[in-house]
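Beneath this line is the structure, given in structure tokens, with notes to follow.
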Amino acid sequence: MQVYLFSLYFPYAEVNETFIAEEMRCIATNDNVRVTLVPFKRKGNERRSLPEAIKVDPRILQRAEQFSIASALSLLLRGSFWHFFTKDVLPSLLHFRLPKKILLARFIRALYIADYVVTNYRIGRIDNNSVLYSYWLDEATTGFYLAERIEPRLRGCLKIARAHRWDIVEPTSRLPLRKQAFPALDVVLVASKYGWHELLELYPELKPICQWQHLGVAEVCPARMGSIQQGHKEFISCSTVVPVKRVKLIYECIRAYAQKHPTEQIHWIHFGDGTLMPELREVVQNSVPNLQIELPGMRPNATVREYLATVEGAIFVHMSLHEATPIAIQEAISASIPVIATDGGGTREAIDDTVGALLPLEVQTEEFIAQVDRIVANYTQLAQAARKRFETDFQSTVNFSKFYTLLEEWRDRKLGSPKA
């Protein structure tokens, strides 16, 4: 089975779409599947290493990098551009609203994907046995739709898209031909049950083709018993430093805990960077004497995993407003680390009071302190339960093996020749 996976960056970025790497690692040993990655853009000279079995086709990326005035003018000669203009741009103009620049950029990516798919289909590289797979429910699906308009025979080719979080709630006005593209898809696979409900509330027409399945991570380290060091508390967090992640709130809660326990030495390390990092660095200057803080910024996933694997008696903290099922949380429980998190999105599918603590979104510092004390008092039990949750629900080898088995079943069903 030949799979064409359309990404935004991967593998041409070290910290973007890192979760695709684990899927590629898991599937590289499957002799029945051949994967070709088709990225759209890159970050500098970054490139992630890949298993030898995984191929990369950079032609869309190269075309995007060579975009010119002549390329822009050529859009005016495309019927698909005027279809896009009529459906997405003109309604905004008639309501005296300028469409977002990102809308045009996303349309160009969709058009490039359509051209790529059509060209490869007509030369026989893509056929009806192939699978077109978008890692996001974004403009790549519009590319599939436009490809079918140009080459109707492509309707026989299986087309799927994953959905995570931003690509579920992103306003339709920022994604070209959003609803028109949905009928081109055969399956939408959402990364959490919560996201599945959320997507169907927004787009009930997707119900016949919408399913959910967790992603998964590789084991960070073997299962551990878990123990707390007397007089010392270790907190870890990992996310971008942007408003939705509420890293400042993590600091405020940990600071309050340190104030409540002045004789203990408290250490907090946050892996990640973002637009609010300057503000965070300023705020933590007003810390308390027994709280040591490390803000190393963005680090490779391997560095974070190594820290999780070697630290003892830690509590992982996550206070995002919205999530699917965070990869960082999955890695923490893999390392037998209890998690205290706010109930944003699909987080509840990984975290509850048996593996840590699930707090309301409007968390109060007093409640945070009480839950940390409870976790400390029951640390070994919660650490072992966290590891068990990983083994049951979030093992990448299990989840991705199931996904590619389903992929083959969906493909065969569409071909009308299911295996005996």
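Bear in mind these aren't lab numbers, they're just calculated from the coordinates by the rules spelled out. It should be emphasised that the depicted structure is a prediction, and the values quoted were computed from it without experimental measurement. Please note: Cβ atoms are built from the backbone with ideal geometry, for glycine as well, and neighbour counts cover all protein chains shown.
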Q) Straight-line reach from Lys388: which aspartates and glutamates have Cα under 16 Å away, leaving out those fewer than 8 places along the same chain? A) Glu219, Glu331, Glu349, Asp352, Asp353
Q: Check the straight Cα-Cα distances from Lys414 and name the aspartates and glutamates below 14 Å, setting aside those fewer than 8 residues away within the same chain.
A: Asp127, Asp186
Q) Loop-only check: which chymotrypsin sites (Phe, Trp or Tyr not before Pro) in segment 55-113 are DSSP coil with at most 15 other Cβ within 10 angstrom? A) Phe67, Phe96
Q | In degrees, nearest ten, helix 379-393 long axis to first principal axis of the chain (Cα) | A | 10 degrees
Q. Using the beta-carbon distance between Thr86 and Lys207 and R0 = 22 Å, what value does 1/(1 + (r/R0)^6) give for FRET efficiency, to the nearest 0.05?
A. 0.20
Q: May I ask you to list the residues of segment 341-362 whose amide nitrogen lies under 17 Å from a point 7 Å from Cα along the Cα→beta-carbon direction of Ala223?
A: 354-356
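By its C-alpha gyration tensor, with a ≥ b ≥ c as the square roots of the eigenvalues, how is segment 97-198 shaped: rounded for a/c under 1.5, else prolate for a/b larger than b/c, else oblate?
Details: a/c = 2.45, a/b = 1.31, b/c = 1.88.
Here segment 97-198 falls in the oblate category.
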Q) What ranking of His197, His261 emerges when the number of other C-beta atoms within 10 Å of each C-beta is taken as an exposure proxy, fewest first? A) His197, His261
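With viscosity set to 1.002 mPa s and temperature to 20 °C, compute the Stokes-Einstein D of segment 67-122, Rh being the Kirkwood radius across alpha carbon pairs; µm²/s, no decimals.
On the way: Rh = 12.3 Å.
This corresponds to a translational diffusion coefficient of 174 µm²/s.
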Q) lysines near Lys260 by alpha-carbon distance under 16 Å, same-chain residues fewer than 8 away left out - which ones? A) Lys233
Q. In degrees from 0 to 90, rounded to the nearest 10, what is the angle of the helix 193-202 Cα long axis to the longest principal axis of the chain?
A. 50 degrees
Q) Once Lys and Arg get +1 and Asp and Glu get -1 on their Cβ, which of Ala335, Ala64, Val169 lies farthest toward the positive end of the dipole of the chain? A) Ala64
Q. By how many degrees, 0 to 90 and rounded to 10, does the Cα axis of helix 247-260 deviate from the longest principal axis of the chain?
A. 10 degrees
(Q) If I model segment 1-135 as equal point scatterers sitting on the Cα atoms and use the Debye formula, what is log10 I(q)/I(0) at q = 0.14, 0.19 Å⁻¹? (A) -0.75, -1.15
Q | Dmax and Rg, reported as Rg then Dmax, of segment 275-420 (C-alpha, Å) | A | 19.1, 69
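Which of rounded, prolate, oblate describes segment 189-244, given a ≥ b ≥ c as roots of the alpha-carbon gyration tensor eigenvalues and a/c under 1.5 marking rounded, otherwise prolate only if a/b is larger than b/c?
Details: a/c = 3.80, a/b = 2.20, b/c = 1.73.
Prolate shape, in that a/c is at least 1.5 and a/b is the bigger ratio.
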Q) Which loop GluC sites (Glu not before Pro) in segment 360-396, with loop taken from DSSP, have no more than 15 other Cβ atoms within 10 angstrom of their Cβ? A) Glu362
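Once you sort the root eigenvalues of the Cα gyration tensor of segment 5-53 as a ≥ b ≥ c, which label holds: rounded (a/c under 1.5), prolate (a/b larger than b/c) or oblate (the other case)? Display every interim value, and only then the final one.
Working: a/c = 2.26, a/b = 1.88, b/c = 1.21.
It is prolate, given that a/c is not under 1.5 and a/b is the larger ratio.
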Q: Compare the peptides 122-128, 133-139, 249-255 by average per-residue count of other Cβ atoms within 10 angstrom and give them in order, highest first.
A: 133-139, 249-255, 122-128
Q. Where nothing but the Cβ of Lys and Arg (+1) and of Asp and Glu (-1) is charged, how large is the charge dipole of segment 116-223 around its Cα centre, in debye to the nearest 20?
A. 280 debye
Q. Counting other C-beta atoms within 10 Å, which of Lys414, Lys159 has the fewest, and how do the rest follow?
A. Lys414, Lys159
